[in-house]
Amino acid sequence: MRIVRRILGTTLALLLCAPSAWAQQTHVIHQSALDQAVQQRVSQDQADRDAIRSFLHRSEVTEVATKAGLSVQKAEAAVSTLQGDDLRQIAAQARTADQQLAGGATTVVITTTTIIIILLVVILIVAIAK
């Protein structure tokens, strides 16, 4: 009877452990693809931050910020805290305003000035909220 229990116990232990030992690790995504996606995301975030910073360094932006009593330095410091949708939306707005300013869009001064003020305020609000 003891021998039967030992054989049965050993057999059950082997059957319970065997699937995990024989199973091969199959991943939905390969490590290299995951690494590439992470690197791509980091690169995109850095490009977005660079776009915002280059926009903040424009003379028109500093001029409008000074008139409005906003600190460009605080906004620039807050750029590194932006992430996710906030970062992408602000970067898109900064690129749009930068293109308008670079294209000599002097006829839409009110719109460009408004965009600059809104961007600065949004950046500062996001920084304060975090």
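Since every read-out is calculated from the coordinates, none of them should be taken as a lab result. Computed from a predicted model, the values in this text were never measured in an experiment.
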Distant-in-sequence amide H partners of L70 (H built 1.01 Å from N, under 5 Å): none
Segment 47-88: C-alpha gyration tensor shape, a/c 1.5 cut-off, then a/b vs b/c: prolate
